[in-house]
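Everything below concerns the one structure shown next.
Every read-out reported here was derived from the displayed coordinates using simple, explicitly stated rules and does not represent laboratory data. Note that the structure is predicted; figures quoted are calculated from it, not measured. Cβ placement follows ideal geometry from the backbone for every residue including glycine, while neighbour counts extend to all protein chains displayed.
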Amino acid sequence: MSTENVQRGESNDDTPQAHPSISLLAPSEMPDRSISLSSYCDTDDEMTNVPNACGTIEGISNEIEAFRCIVCKTLPFTTLYQCQYEHILCAGCYQMRVLDKMLDTQLGTCPECSVRIYRHEPYRNQEGERQLAELQVACEDCGLNVQRCYLRDHCQTDCPLRLVTCKYRRIGCKWKGVLGVAVTEHEKNCQYQDKRGLQLLDELNQLQAARDAKQCLLGKIMKLLQLPHITVRLLQLLPQVEGFPRNNFKICSIFEAFSQSWSIQLKWQTPDDVEQPADQQNCNCSLLFQLCLESPDGCRGSLGLTYTLVSGTYSEVRFQPNLCEKCDFTRENVYGPLTLLYKNSWLNCAKLLNDRGFYGRLLMARI
C-alpha cells in the first residue's frame, strides 16, 4: 500500500498521484472532515438526520480495502490517521483510542500493534483520504455513479428516487414518499392545502409547544455544563455486523466515573415488537438508552446524578435532546430512566446500528 504520511500543521510539497481511473478533486473541492457530517441537521427531520449511505462499490480493490479502519471496520468519510506501521484509524476511533486515553493516565497506542501514538504528532494518510473521496460509487436508490465524497448530498438533494415529505409538513402533514408521481398525487389531495387558519390552530399550537419544550430542555442542558462536579465520557457503538437485537437491551459501553462502574444500555424499540416490518421505509422506530450502575456493592448510600447523552463529534446522526434531571442510584436502584435517543425509519435505524455505528458523549454531574 502506497501512503503519504504528513503531520498536522506541516505543509506537503509532494502532489499525491491520482488513481488511474478517477479524476483528482481540486483542493477547494475536498470535503471538510473537521466536523460531524450532521452538525447542522434537525433532530426531528427524518430525511436529513440519517447515517451515511455506503453506496455500491463494484470490484473494490485491495488498495481501497487497506484504508478500512482497523477498529470499526468501515471505509471512513472522515480524516484518516495511522500509526508508524500504517494501521488506519478513522477520526472517531482515533479520538476514542488515542486522545481520550491520554486525558487519563493511559498512553495513546495503536489498537493493532500497540505502538505509541503521540497526540502532538498525529500522522494523517492524505493519499487514503483522497482515494476514498474520489472513489466512484453507485447510489443505492437510483444507481447513478457519483464520487463518494458527494454521495450524502446526492442522496438528500439530487437523487430522483429519494424520500421526501409533503410541502405542508410544517403545518402538520406527516406524509412521506418517494419523489415522483406519488408526491404530485398526494399534494393534489392533501387535506392540509384547504384547511383554514382556525382549523390549523390546534395542530400549530401543539407543534409550537413541542418546539418550546425542546428549547427549554436545551437550556437545562446548558445549565448542566455549569455544575461543579461534572465529568464527560466518550462512548462508541461499533457496527453490529451480526445484527442489533430488536426490543431487547444491549450493553453499549462500560466505563468508570465517580469511583463506580457504569454501563450504557441501548434498546431498539419497534412498533408492536415487530422484528422486521414489511414497509421498512415508513415504519418508525426508536433507539432508547438507560444508564446502569454496574457496581452497586461499592455504592455507599445514595448517589444523585444528573446526566445527558449527546452525539459525538464524528457521529453521523444527531441525538434527540435528553436530560435526566435527577436520579438517585443506590444498591436497590441501579437503573436510570429509559430515555429516547434517536428516532427514524426501521431502515435507517438498521443502517445506523448494523452498518455505521455512532459516537456519543455522556455528561454526568453529581448533585
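How large is the dipole of the chain about the Cα centre if only Lys and Arg carry +1 and Asp and Glu carry -1, each at its Cβ, rounded to the nearest 20 debye? Working shown, then result.
Values: 38 positive and 44 negative charges, 260 e Å.
For the chain, the charge dipole is close to 1240 debye.
When N is the residue count of segment 227-366, what does its C-alpha Rg come to as a fraction of 2.2 N^0.38 Å? Don't jump to the answer; show the numbers that get you there.
Numbers: Rg = 15.6 Å, N = 140, 2.2 N^0.38 = 14.4 Å.
Normalised by 2.2 N^0.38 Å, the Cα Rg of segment 227-366 equals 1.08.
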Once Lys and Arg get +1 and Asp and Glu get -1 on their Cβ, which of Leu227, Asn344, Asn52 lies farthest toward the positive end of the dipole of the chain? Leu227
Does the chain classify as rounded, prolate or oblate by the C-alpha gyration tensor (a ≥ b ≥ c root eigenvalues; a/c under 1.5 gives rounded; else a/b over b/c gives prolate, otherwise oblate)? oblate
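Between beta-carbons, use under 10 Å as the cut-off and find the net charge around Pro245, counting Lys and Arg +1, Asp and Glu -1. Let's see the in-between values first.
Values: positive: Arg246, Lys250, Lys267; negative: Glu242, Glu275.
It works out to a net charge of +1.
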In segment 329-367, trypsin sites (Lys or Arg not before Pro) in a DSSP loop with at most 15 other beta-carbon atoms within 10 Å: Arg331
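Considering only Cα-Cα distances, which of the following residue pairs are longer than 25 Å: Lys220/Lys351; Lys223/Lys267; Lys195/Lys343; Lys223/Lys351; Lys73/Lys267?
Working: Lys220/Lys351 31 Å; Lys223/Lys267 28 Å; Lys195/Lys343 29 Å; Lys223/Lys351 34 Å; Lys73/Lys267 23 Å.
The answer is Lys220/Lys351; Lys223/Lys267; Lys195/Lys343; Lys223/Lys351.
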From the backbone phi of segment 135-146, what are the Karplus-calculated ³J(HN,Hα) couplings (6.51 cos²θ - 1.76 cosθ + 1.60, θ = phi - 60°) in whole Hz, Gly and Pro given as x? 4, 7, 10, 9, 4, 5, 9, 9, x, 5, 7, 9
Take the Cα atoms of segment 163-212, build their convex hull, and give its volume per residue in Å³. 64
Quick one: what are the phi-derived ³J(HN,Hα) couplings along segment 120-129, Karplus 6.51/-1.76/1.60 with θ = phi - 60°, whole Hz, x for glycine and proline? 7, 10, x, 9, 9, 9, 6, 5, x, 4
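Which value, in debye to the nearest 20, gives the size of the charge dipole of segment 163-212 about its Cα centre, when Lys and Arg are +1 and Asp and Glu are -1 at the Cβ?
On the way: 9 positive and 6 negative charges, 24 e Å.
Dipole about the Cα centre, nearest 20: 120 debye.
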Under a straight-distance cross-link criterion of Cα-Cα below 20 Å, which aspartates and glutamates are reachable from Lys250, leaving out those fewer than 8 residues away in the same chain? Glu242, Asp272, Asp273, Glu275, Glu294, Asp355
Just to confirm my numbers, what's the Cα centroid distance between segment 127-191 and segment 303-347 in Å? 30
Tell me the Kirkwood hydrodynamic radius of segment 268-339 in angstroms, computed as one over the mean inverse distance between distinct C-alpha pairs. 14.8
Reachable aspartates and glutamates from Lys174, Cα under 18 Å, same-chain residues fewer than 8 places away excluded? Asp42, Asp44, Asp45, Glu46, Glu185, Glu187, Asp194, Asp202, Glu203, Asp279
Whole-Hz ³J(HN,Hα) for each residue in segment 288-302, computed from phi via Karplus 6.51 cos²θ - 1.76 cosθ + 1.60 with θ = phi - 60°, x for glycine and proline: what do you get? 10, 9, 8, 8, 10, 7, 8, 10, x, 5, x, 8, 9, x, 9
